[in-house]
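Quick notes on the structure that follows.
The values are calculated or read from the model by the stated rules, or taken from the named source; none is laboratory data. In this text, all values refer to a predicted model and were calculated from it rather than measured experimentally. When the accessible area is computed, the model is the full protein with side chains, heavy atoms only, and any ligands, DNA or RNA have been set aside. Shrake-Rupley method; radii C 1.70, N 1.55, O 1.52, S 1.80 Å.
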Amino acid sequence: LPEPAISGRGLEAALEQLFENADAAIRDGVNILILSDRKIGSKKAPIPALLAVAGLHHHLVRQGTRTRVSLVIESGEPREVMHFALLLGYGADAINPYLALESIRHMVAEKEIEIDKEKACSSFLKANLGGVIKTMSKMGISTVASYRGAQIFEAIGLNQSVIDKYFTKTASRIEGIGLSTIAKETESRHTKAY
């Protein structure tokens with residue numbers, strides 16, 4: 001995922017660059033796009049995973065190219081059922097929660113968890129998959145294919161311009177923050193981390 005600048009304008013530019021890169025990759029015949037935040041560093045912060053996947057999903061829908069590619073998310077952000085449910089619901093085809101899995105492996109190594117590393121990671125993934133399936137079934141959806149990109153959520157606390165461009169046609173009864181605030185919150189978390 002490209003680096004956002006401090007301002008909402010910088011985050012918007014980073015998203016536009018992501019969209020341009022995806023368009024170019026599709027023109028080159030790529031059929032799997034991997035959105036990854038692994039290469040962040042002290043001078044490079046990630047675009048929030050949900051914003052990146054939802055924005056790219058809707059961009060590709062508008063371009064008429066969404067069905068040509070699968071979107072894979074490789075992110076340190078997803079760690080609980082709702083994170084996975086939202087990423088899938090806004091267009092992710094697969095999710096690699098590498099930081100959560102690495103954290104589990106670390107906990108096993110530190111003897112905080114008395115179980116084999118692979119069993120612990122498998123249990124984490126199985127529990128989250130079960131949670132996503134339960135979430136889907138409560139909404140009356142029986143297959144992941146029907147759930148993927150269905151965006152059957154309501155946005156709370158995002159302004160209409162963010163919803164219109166990046167979470168298109170998502171219901172919202174409460175206005176809220178825009179890209180500039182999202183960028184500031186991203187910068188704040190990044191600064192604390194580094």
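Just one of the numbered conditions (1) open to solvent by 50 Å² or more (accessible area, probe 1.4 Å); (2) at negative phi is not true of residue 111; which one? Tallying (1) open to solvent by 50 Å² or more (accessible area, probe 1.4 Å); (2) at negative phi, residue 111 fails exactly one: (2). Note on segment 138-194: enclosed helices (runs of 4 or more DSSP H) holding 2 or more residues that are open to solvent by less than 30 Å² (accessible area, probe 1.4 Å) are 160-166, 179-193.
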